[in-house]
Structures are given as structure tokens and as C-alpha cells.
1. When you look at A:Gly212, is it within 14 Å of chain B (Cβ to nearest Cβ), within 15 Å of the ligand (Cβ to nearest atom) and touching a residue at least 12 places away in the same chain (Cβ under 8 Å), yes or no?
2. Checking the structure you have, find out if any residue of region B:25-32 is out of contact with any strand residue (DSSP E or B) (no Cβ under 7 Å at 6 or more places or on another chain) and free of Cβ contacts under 8 Å to residues at least 24 places away in the same chain.
3. Considering region A:94-125 alone, what residues qualify as being away from the ligand (no atom under 16 Å from the Cβ), outside any helix (DSSP H, G or I) and buried (at least 22 other Cβ atoms within 10 Å of the Cβ)?
4. Go over the candidates A:Ser268, A:Ser320 one by one and state the one that is among the hydroxyl-bearing types (Ser, Thr, Tyr), farther than 24 Å from A:Tyr205 by Cβ and open to solvent by less than 50 Å² (accessible area, probe 1.4 Å).
5. Exactly one of these conditions fails for B:Asp135: (1) at pLDDT 95 or above; (2) open to solvent by 40 Å² or more (accessible area, probe 1.4 Å); (3) under 19 Å from the mean Cα position of the chain (by Cα). Give me its number.
6. Test A:Gly135 against the stated conditions and say whether it is in a loop (DSSP other than H, G, I, E, B) and either under 18 Å from the mean Cα position of the chain (by Cα) or farther than 20 Å from A:Phe223 by Cα (or both).
7. List the residue pairs whose Cβ atoms are under 8 Å apart, where the first residue sits in region B:72-89 and is within 22 Å of A:Asp315 (Cβ to Cβ), the second is open to solvent by 40 Å² or more (accessible area, probe 1.4 Å) and among the polar types (S, T, N, Q), and the two are 6 or more positions apart or on different chains.
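The values are calculated or read from the model by the stated rules, or taken from the named source; none is laboratory data. Being a predicted model, the structure only gives us computed values, none of them experimental. A quick note on method: Cβ atoms are made from the backbone with ideal geometry, for glycine too, and the neighbour counts reach across all protein chains shown. Quick note on the areas: whole protein, heavy atoms, side chains included, nothing else; ligands and nucleic acids left out. Shrake-Rupley method; radii C 1.70, N 1.55, O 1.52, S 1.80 Å.
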Amino acid sequence: MTAKPSQTPTPLPLALAGAADLPRGRFGAFGGRYVPEALIPALEQLEEVWRKASIDPEFVGELERLHKTYTGRPSIITEVPRFAEHCGGARVILKREDLNHTGSHKINNVLGQALLTKRMGKTRVIAETGAGQHGVATATAAALLGLECVIYMGRKDTERQALNVARMRLLGATVVPVDHGSKTLKDAVNEAFRDWVANVGTTHYVLGTVTGPHPFPEMVRDFHRIIGVEAREQVLDLVGRLPDVVCACVGGGSNAMGIFHRFLDDASVRLVGFEAGGAGVDTGEHAARFATGIPGVLHGAYTYVMQDTDGQTIDSHSVSAGLDYPSVGPEHAFLLESGRAEYRPITDVEAMEAFSLLSRTEGILPAIESAHALAGAMKLGRELGREAVILVNLSGRGDKDVHTAAEWFGLIDSDDDADGRRGRLPDDPGAEGVGEQQ
Amino acid sequence: MSVAPVLEKCRAEGRAALIGYLPVGFPTVEGSIAAMRVLVDSGVDIIEIGVPYSDPVMDGPVIQDAAVRALAVGVRLSDIFTAAEAVAGAGAGALVMTYWNPVLRYGVERFATDLAAAGGAGLITPDLIPDEAGDWIAAADRHDLDKVFLVAPSSTPERLEAVTAQCRGFVYATAVMGVTGARASVGEAAGALVSRTREHTDLPVCVGLGVSDGDQAAEVGRFADGVIVGSALVRCLTEAATPAEGLTALGVLARDLAAGVGRGRS
Ligand SMILES: Cc1ncc(COP(=O)(O)O)c(C=O)c1O
């Protein structure tokens, strides 16, 4: 199953990446444009400007220049042998999107959309954010390009990601806490759509993941596609062959689509996405759309949605704000149904254990979102054994999660911390088998 | 049964139709149906029966709040058909206004069957554009139901042509770029949008978003075939101390609005 290592990358123009898709923004049955008529002209304009830009050397060159001089691309890969001991001894390689400017993959998409905003002659950007990483990236791009910026964030998320709220404000953005519904990412998206309908003449909605109405799923994926394009070459260089598995966490699904896409035609490479299993998929407290949801429409796309028998959205739950979303990008729904990708839930406990293990074995604090992919790699490694090569998208860094993790592991001094803490740090993280689940 | 005859009757009377929105299930299912009856008795010609939905992206705070409260007291999708039957029985047009996912989950064909059986006229679909509505258009045609799609001030001539071609009953013109909610003025965009829409269709064009009193209803009724009122009516119920007071306030506002459309073109 050794694929021929190709020494030259295959630099697909952005526009070609979506050529296999069905017309009108569908991935098989999934996708579409389920939005108020008022937004259709803006979506049509966006699609036209994006398609032209993606084959315009000036646009492509400007984005490349920014990625090189500002984002810090290409991001490196890091092999993590001490962590790999907890993954059945498989070789584990991390794609370090956490080292990008602003600390996650989100900047790849945001810089692209911010440049498009300028091309469309718009002066204001809005965005939703869950973990705050997309909000920080959007606020950053707005500062860089001189755009007005408003970020919608569920009240619950502003509390658990308080540091990122301050970061966005320092960058000059207005952060609006959203008090409706579950007060998390889904409600922030609702509020962003409401703003967009009212201000679409001047405003671009920088949607932060591969969902929403066409052309967002395809466009956001193409802006993130560089992750897989780079990683494929880097792994070939390091290992001499393609990885057996590519792992990524799946909130809306942008970091996963970004790293998966270049591998779609590599039939030997398994693509596995990890969604938030929260307290466990049978508890009802999770964001396991594929494990429990059924196809429906939310936020402009036909895809898997957690919903009750009346079609009302069910609130999701996860220790990770960035995965706490009841729907998922339509292309993932297509990859699931076509059998090209697999999706599995990872519980809060499993993710936090992986968080702690990577921190203590490799000196890398992952984002809790990314820790779901790491926990997935631990399981897959044990299933596949020592011969396996596992590529993990480390989508972000854990600085924003220090507070959550410190509380989880009872590291914040207080009188009653011994009872309140939920997790336990492994005593000797270097020892084989510490990561086993009982 | 289509709302077309209702709109024709209003036109014959030389006035715009009055169309009132209320969500089913607020404050209770029975309470909302009683409120719809008050609207009909106070001169409202067509009731927009709202389906409460967890993620109403086209709605402002008033209707969001009512939807959340209706869902909290346990309104079910099947209650929509009870309301449609009551409204049709009271002699008004019974159009259902719904986001798309509840219908999708219920089953498009099954929803059309049950709506037609209840005497409902059809659907207004704020987040379903004709381009994505193949299943609904086919089901509506099979069951003789109205298909009311929306046009907006941002709609291009091509969009106006494509959208109006798929409408039956009337065309819903959103007066402003924005979500539902009472506004101090309905704005110039509404009149321009109605004229632009008429270049593409002979269907009645009704205007919604922002109308809150009789004077505004009169103003809009001068150029539109129907005046749609939502948030202002809902607020009568959400802000009332008791359900009875809510119904009283609702009747007062509905009569003011009805008088407004009545004097509109005189
Ligand atoms: C670091 C990180 N990874 C992953 C995600 C999930 O988003 P997506 O599934 O679109 O990559 C987020 C979202 O906030 C994030 O901040």
C-alpha cells in the first residue's frame, strides 16, 4: 500500500478543487442554499467574486504572500514519539496548525475571505465564534486590512473562553454576547445571519467553517485545502509513503476538510473525523451529529442535524466550545454516506486525557478541540499497531483552554478543589499504558 | 383552499387585505387559537399561522421570544393543523408560515396532505427559495396549496422573475432589509419593491416587516395588495399581564389596522 512518493506537490488551483462537485453547491444530496431570499444576491456576488479571484494570479499571489509573511505557512509537521507510546506504538505525526499566527487553522480561511471582502467593496465584516479562535482570526484580519469587525459569541462561550473575548477587543473588534437559545455557537450563527440580512450592502459574513449556504462550504474548504496539500508532501518526505490514517476533529468541519481534501483520491488513506461525544452519546449531552443526528436543514445547508421529531434543533454539549455545534458541514455528510470518511465520537474525558498526555509527553498544549483528534489517534493506533502511520491535524493551541483545563484537572487552588475536580492527571505520563481506558 | 379569492374580494372592495401573524402555542395552543379568532372577528382577512422554531434567523426579538416560550410549553408541529382548521372554520384564509426544517422532518408530502385536509391554504417559507423547493412545489401542486415565496429589496430582476414564477396565492415582499419587528417607518424601499415585483407578475403583492399601526397599514395599503403585520400583534400577547388582557389589546390593534387598510385608498 505504499503510494509512489511524488516529489513535486500538485498545486491544484483553488478553483479546480471543487470541480467534481455537483452543480448548485451540492455534495451528493447535501448542501444547498436554505436562506432568506434577501441574502441570495450577496451569495451570488460572493460566488462570482470568489471564483474569479481563485484563478486570478494577483489574488492567489497576495494570499500566498500573506500566508508566508504573516500566517507563518507552511506550518511544520512534528513527529511525537513519546505521545505515540500511548497510541499502540504507531508513528504519530502532527500537522502544526497550532503554530499559525492567532493559534489555529482558522486564519487560512479568514485571510481569504477578508481579501474577498475588499474585492467586493465591502467595509465591514461580521463573524460567529465558538471557541473564539475564528473570532480572533477575523478580528486580526480586520485589523490588518482596515475593516470594521463585529463578532457574535454565545454568552456561555464568552464565559468559558474569556481570554479570547479580551483578545478580540484588544484587536479592535466589537464582541456581542448572544443570550438566545443555548447561548453557544449555533445561536451566535443565528445572530450573525440576522445582522447580515440587515447590513448585507456593506457587510460580508465571514463564516468560520465549512457549512452554511453555498458557496461557503466549498469556498471555506478551498481556503483550508493548503493544510492537506502541505501535509501530504511533508509526510511523504519524512516517511517515504502516505499515512495510513488522517485524523481531525470535526466541529463544523473546516480543519478536517482542509486536511482531508488533498487525500480524497488516495484510496489507501483512511480519513477519520472525531466529533464531540461530550458526556457520552447515550447521555444526550454531546455534539455527535453523525452518531445521533439525521439529515435536515440548519443554517442554510442540508446536512446532518441533531433534531427532535418535530425538526427542532437539539442543544449540543461539549467541553470544547469549538465542537459544541448541533450540525456539521454538508461535505462531511457526503463523505460519510459515500463511505470515503468515517466519523467517531470522543468523550470529554477521553479528549481531556489526550490533552494532558500531549502536554506532558511532548510539551505541546493542544486546543481541546484538537485533543479530540489526538484521542482518536490513540484509539486508532491501538487498533492498527506499530506499523501504522497516523497524521493528526493539530488544529489549534491550548492557550485559550488553560482555564478550562486547570479547572478540569483541579489545578486552581481553592478550599474545595479536591472534591470539585473531574479529571486526574496521569501520575507518570511517560509510562506505557497510562492512557488506557478502563 | 387558496387565499386568492380572499385577496380578490378585498380588491373588489377597493382595499388591501389585512394579514396577521401569530405563532401557534403562545401562550398555549388553545390561547393562540383564541387569539387567531379574535383577529378574524376584528377584521383580519388572512391569518399567518406561525410554526415556532428553535432557530428563527428571519425573526427579531419579539417573535423569537414568543417562539421560545411556545416551545417551552410544549407546542407540537401537529398543533399547526388544529390551528389551520380553526382559522379556516372561522372564515379566514389559513396560511402557515414556517421555517423549512420542521416540514422536512415531518415529510413534505405528508405535511401537504395534512395541511390540505385541515383546510389550510398553503405555506409561506422564509428560508426556502424556489431553487431548493422542488419537493414542496410538486407537493403543493398535487394538493392545490398556495406557495408564497419572498422577494426582498435586494432581489435582482432575474430573481424577481424566477421567484414570482413559482408563487401561488401572493408574493411576499419584505419591506426592509432585516428581520421581523415593528418599525417607526416602513421605508421607501417597500413601494419601489412592489412596483418592481409587479413588472414580473400579475399575482397580488403583499408587504410585510415593520407595520405596527393603522396609519402605517393605510400607507402601505395604498400601494400593496395586502398588509402583513406580525411583531406588533405578537407583542400584544407577550406584553400582556394576563391572557385576557392580551386578547383585548389584540382586538384593539387589529381593529385599528383593519380601519387603516379600509381607509387606505379612499
Ligand atoms: C482549534 C480549533 N479546532 C477545531 C475547531 C472546530 O472547527 P472546524 O470543525 O471547523 O475545524 C475550532 C473551532 O473553533 C478550533 O478553534
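1. yes
2. yes
3. A:Val125
4. Being among the hydroxyl-bearing types (Ser, Thr, Tyr), farther than 24 Å from A:Tyr205 by Cβ and open to solvent by less than 50 Å² (accessible area, probe 1.4 Å) holds for just one of A:Ser268, A:Ser320, which is A:Ser268.
5. (3)
6. no
7. Note: pairs meeting the criteria are B:Val73/B:Thr28.
Let's see how each residue does on (1) of a type in the set (Gly, Ala, Ser); (2) part of a loop (DSSP other than H, G, I, E, B):
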site: B:Ala116; (1), (2): yes, no
site: B:Leu128; (1), (2): no, yes
site: B:Asp131; (1), (2): no, no
site: B:Lys147; (1), (2): no, no
